[in-house]
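Contents: one structure, followed by commentary.
None of the figures in this text is laboratory data; all of them are computed from the coordinates on show. What you see is a predicted model, and the numbers here were worked out from it, not measured in a lab. Ideal geometry is used to build each Cβ from the backbone, glycine not excepted, and the neighbour counts take in all protein chains shown.
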Amino acid sequence: MTSAISAEDEAVELAAELIRIDTTNTGDPATVVGERLAADFVQAKLEEVGYQVERVESGAPNRDNVFARLPGADPDRGALLVHGHLDVVPADPSEWSVHPFSGAIQDGYLWGRGAVDMKNMVGMILAVARHFKRENITPPRELVFAFLADEEAGGKFGSQWLADNRPELFDNCTEAIGEVGGFSLTLTDTKGEDARLYLIETAEKGMAWMRLRAKGRAGHGSFLHEDNAVTTLAEAVARLGNHKFPLVLTDTVREFLDVVSEVTGLEFGEDDLDGALAKLGPLSRIIGATVRDTANPTMLSAGYKANVIPSTAEAVVDCRVLPGREAAFLREVDEILGPDVTREWVTHLPALQTTFDGDLVQAMGAALRAEDPDARAVPYMLSGGTDAKAFEDKLGMRCFGFAPLRLPPDLDFASLFHGVDERVPVDSIRFGARVLDRFLRSC
């Protein structure tokens, strides 16, 4: 039986159809749309070609996940988890050039919320999974395809719930691939020629969303007050938000910078690392955030009336912590906040880091070079977080970000994550599907 459509063309079509399904995740259960319709779509596409699908609702209504397994040639090898998430962050249509849920294909790009994060990759996974089943392709090891809910809010009703409550769904999985990695970065080498690095995610900062609270004496707004909770909290939040945490170069970041230095001749001395990183262009925002911990205030809440001094004030801070740094980070935070401000976790997910070696890494590099002979795979650290946190921390898998895309040199890819006019080149999706196909045949 032959395919009516190639996997690379179908990947584009599937990604566009997925974008047209609104799976907005606000993080507030009362306003979350839910992933059910997208899960319906994925399940139907898998069952259409003969997969046996397991559908799981993860801890809340409409938070649906879809699983399918494809046996491998060697049943004694550990399975590879290939995962993607179905939810997306909110989008305001009034800010966009096209409707964010249109899935429009124009000017050589696929547009819409999720085009980058991460319905492009979900489309690739689904297309390749369908192609393997239609063509009776047996991969070298068992593949577990997982399409998940709630990644954009930390996975409480997705990967974290599944790892805690349904670990058998991941039986025999020893390694995993998902977002955010495999995309190209074009730099100018020492000969003045373009050099393409493909960034494979081998590390992630920890995600520590923290609620701060200050208490004081309530009273009338016209009186003199030396014990004002709003003032206490605001001063502490300002200190924390303005604080620059110490420079720490992890093994992953050092290896990335060493390769960039080798290719470009740029030096990344620690005496002016921020200045050196700026020469990397838009990517410097991602890499720059992986050389130190960060703590960014994002929410403030206090009071209920203009002339009433409240007894309590609260703030939320988005903290991202380097591997191995959590204890030192918290000591530093407590010193900055002082004794009158308490903290508690809103979300607390650990950092992760693995080495850039082994058969799986070799297979990634080989698949990339087969489609782009000038490709060079390099490790990097993601400043954000993914579902990989649950799979490494709770299930012991070795996790990588590998959603391959060959991108135009002038595309500011980093700005498109959660950005207005999110879009991805159609040719990049086709490239990614070809690379993913080769990779899964050889991993």
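A few remarks follow.
- Distance between region 388-443 and region 64-104 - C-alpha centres, whole angstrom: 11
- Dipole magnitude of region 80-141 about its Cα centre (Cβ charges: Lys, Arg +1; Asp, Glu -1), debye to nearest 20: 480
- Dipole moment magnitude, nearest 20 debye, region 355-443 about Cα centre, only Lys, Arg, Asp, Glu C-beta charged: 280
- Compactness ratio for the chain: Cα radius of gyration over 2.2 N^0.38 Å (N = residue count) comes to 1.03.
- Cβ-Cβ distance of Asp40 and Lys244, R₀ of 35 Å, FRET efficiency by 1/(1 + (r/R0)^6): the value works out to about 0.15.
- Aspartates and glutamates with Cα under 14 Å of Lys394, excluding same-chain neighbours fewer than 8 positions away: Asp164, Glu168, Asp171, Glu175
- Of the GluC sites (Glu not before Pro) in region 260-338, those whose Cβ has at most 13 other Cβ within 10 Å and which sit in DSSP loop: Glu267
- Residue (of Val346, Gly216, Ile286) at the positive-pole extreme of region 206-347, dipole from beta-carbon charges: Gly216
- By the Stokes-Einstein formula, at 0.890 mPa s and 25 °C, region 296-387 with its Kirkwood radius over alpha-carbon pairs has D equal to 139 µm²/s.
- Furthest towards positive pole of dipole, Ala115, Ile105, Phe132, structure part region 99-149, Cβ charges: Phe132
- Evaluating 6.51 cos²θ - 1.76 cosθ + 1.60 at θ = phi - 60° for every residue in region 26-32, the Karplus couplings come out as 7, x, 9, x, 6, 10, 5 Hz, glycine and proline recorded as x.
- Straight-distance crosslink candidates among lysines, where the alpha carbon sits under 27 Å from Lys305 and sequence neighbours closer than 8 are dropped: Lys215
- Using the Cβ-Cβ distance between Leu266 and Glu335 with R0 set to 30 Å, the FRET efficiency works out to roughly 0.30.
- Placing pseudo-labels 7 Å out from each Cα toward the beta carbon at Tyr304 and Lys279 gives an inter-label distance of 5.8 nm.
- Region 148-240, Rg to Rh (Cα coordinates; Rh as Kirkwood inverse mean 1/r): 1.26
- Subset of Lys205/Lys279; Lys156/Lys205; Lys45/Lys133; Lys119/Lys205 violating a 20 Å alpha-carbon distance limit: Lys205/Lys279; Lys119/Lys205
- Residues Asp164 and Lys215, FRET efficiency given R0 of 22 Å [Cβ-Cβ distance, rounded to 0.05]: 0.05
- Value at 222 nm in deg cm²/dmol, rounded to 500, when DSSP H runs of n ≥ 4 in the chain each add -39,500 (n - 2.57): -9500 deg cm²/dmol
- Remark: the Asp372-Gln52 segment gains 111.7 nm on full extension, using 0.36 nm per residue and subtracting the alpha carbon distance.
- Ranking Leu382, His85, Pro404 by how far each Cα lies toward the positive end of the dipole of the chain (charges on Cβ) leaves His85 at the top.
- 3J(HN,Hα) from dihedral phi, region 260-269, Karplus parametrisation 6.51/-1.76/1.60, rounded to Hz, x for glycine, proline: 4, 5, 4, 6, 9, x, 5, 9, 10, x
- Comparing Cα centroids, region 358-385 and region 40-59 end up 29 angstrom apart.
- Amide H partners (placed H, <5 Å) of Tyr109, local residues excluded: Val426
- Quotient of C-alpha Rg and 2.2 N^0.38 Å, computed over region 136-292: 1.55
- Amide H contacts under 5 Å for Gly219: Ile309, restricted to partners 5 or more places along the chain or on a different chain, H placed in the peptide plane at 1.01 Å from N.
- Relative to one another, the C-alpha centroids of region 231-277 and region 110-160 are positioned 33 Å apart.
- Around the Cα centre of the chain, unit charges on the Cβ atoms of Lys, Arg, Asp and Glu (plus for the first two, minus for the last two) sum to a dipole of about 600 debye.
- Shape of region 206-347, Cα gyration tensor, a/c cut at 1.5: prolate
- HN-Hα J in Hz across region 219-234 - Karplus 6.51, -1.76, 1.60, θ = phi - 60°, x for Gly and Pro: x, 6, x, 8, 7, 7, 9, 9, 10, 9, 4, 5, 5, 4, 5, 4
- In plain terms, the residue of Lys119, Lys305 with the fewest other Cβ atoms within 10 Å comes first and the most crowded comes last, giving Lys305, Lys119.
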